[in-house]
Amino acid sequence: MSDSSPGKLASATVAVTAGRPASSPNQPMNVPVVLTSTYTASDFSPQPGDLGYGRWGNPTWTALEDTVGALEGGRALAFGSGMAAISAVYGLVPLGGTVVIPDAPYSGTSQLAGELVAAGRITVRAVPMADTAAVVAALDGADLVLLESPTNPLMDVADLGTIIAAAREKGVLTAVDNTFATPLLQQPLSLGAHVVVHSATKYLSGHSDVLLGIVVTAEDSAGIHEKLHGHRTINGAIPGPMEAWLALRGIRTLALRVERASANAAELARRLGDHPAVTRVRYPGLENHPQHELARTQMRGFGAMLSFELAGPAEQAEKVCAATGLWIHTTSLGGVESSLERRRRHGGESKVVPETLIRLSTGIEDVEDLWADLSQALDTIS
Ligand SMILES: *Cc1c(COP(=O)(O)O)cnc(C)c1O
């Protein structure tokens, strides 16, 4: 999975080395958790870079932002949650503007879009991410396209290169939710996206103990960075310093976690495909995934998320979720522990998602233990 190249450190190295205090004798190696609500004033008028007040900036956020910025290849801003980050991105759209989103994105992304539509703020065009022609056609006259790839939970893969190039040509602001892939497997800014968003609650933090969001802007999008920074400050959509520190602590092991969890997911996807109770497995690493070839060229690995479907009815899926021991029946994803969930149990989930679809977030446990637990749960319905 190495992406090392001459003159450029590999992502796995950046994840360990970025965001550290300048090296000098007797200085701490890690940034401290800076717990303060305010900073002493400068002697004269405020200088550029002055922190001033706790809502404007914090050295612990900065260390995290420097690290995620280096991994994505842009300038990062930390937010209080992934939804706070997505809300800030919607805030870039002018009143009455048009936004293109996936027909089945992360449920919060579509729910917030629905609220903005109901309030008369924006118009939304919801399109299937795997249908490149439909996405490109929807860009005409749009102000923002918020892509997700792979999508949560359908695991559809968007042709990022083609869509982003078309959006740039049509003057459409392009944002990509990179939560599932992480910057280790996919770097949308390098494909021309203006903005990347993360629920850092998931893989970046990695231990299911933090809520945090990140927005990263491309080097050519300084104006957008300033707007997002202004939005965060005035809306108070800020992270806590402790959360920022925990996320940075998590990122130090990101490469190891993603590598192990992805290897587990690939093996489980293969075995699930052979289980009699399973009607369909959705994992971009499988050759029968409709966008497998695209995923191969666009991603450095296929990630640790996958979904599968059962014959039904929905109760069968609920039964499987209740029958696991090692796999935790819970929402959220991206932690070291494996978890599963029938997504349609949430009323806000897109109706495009099948009733019996179970989403797996594969952790870093031993793959044989994971399979033993999952297959015995599936055996209870077959
Ligand atoms: C969880 C998630 C979000 C929302 O992030 P929060 O940190 O829960 O606010 C956004 N996008 C995707 C793909 C997610 O999985």
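Readers should treat all values here as calculations from the given coordinates under stated rules, not as data from a laboratory. Keep in mind that this is a model prediction, so the values were computed, not measured. Counting neighbours? That spans all protein chains shown, and the Cβs are built from the backbone with ideal geometry, glycine included.
Miscellaneous remarks
- Spatially, the stretch 1-37 and the stretch 77-102 are offset by 29 Å when compared through their Cα centroids.
- Three-way shape label, the stretch 60-122, alpha-carbon gyration tensor, a/c 1.5: prolate
- Nearest-ten-degree value, helix 160-169 long axis tilted from longest Cα axis of the chain: 50
- Order of Thr151, Thr17, Thr297, Thr162 under a 10 Å beta carbon neighbour criterion, fewest first: Thr297, Thr17, Thr162, Thr151
- Here Ile163, Ile328, Ile234 are placed in order of increasing Cβ neighbour count within 10 Å, fewest first, which gives Ile234, Ile328, Ile163.
- Cα shape, the stretch 265-382, gyration tensor, a/c 1.5 rule: rounded
- Loop-located GluC sites (Glu not before Pro) in the stretch 194-289, at most 16 other Cβ atoms within 10 Å (DSSP): Glu219, Glu287
- Footprinting exposure proxy for Arg342, Arg75, Arg270 (fewest neighbouring C-beta atoms within 10 Å first): Arg270, Arg75, Arg342
- The chymotrypsin sites (Phe, Trp or Tyr not before Pro) of the stretch 1-108 that DSSP puts in a loop, and whose beta carbon has at most 15 other beta carbons within 10 Å, are Phe44, Trp56.
- Relative contact order (%) - the stretch 11-251, alpha-carbon pairs under 8 angstrom, separation at least six: 24
- The stretch 137-255 shape via C-alpha gyration tensor axes, a/c threshold 1.5: oblate
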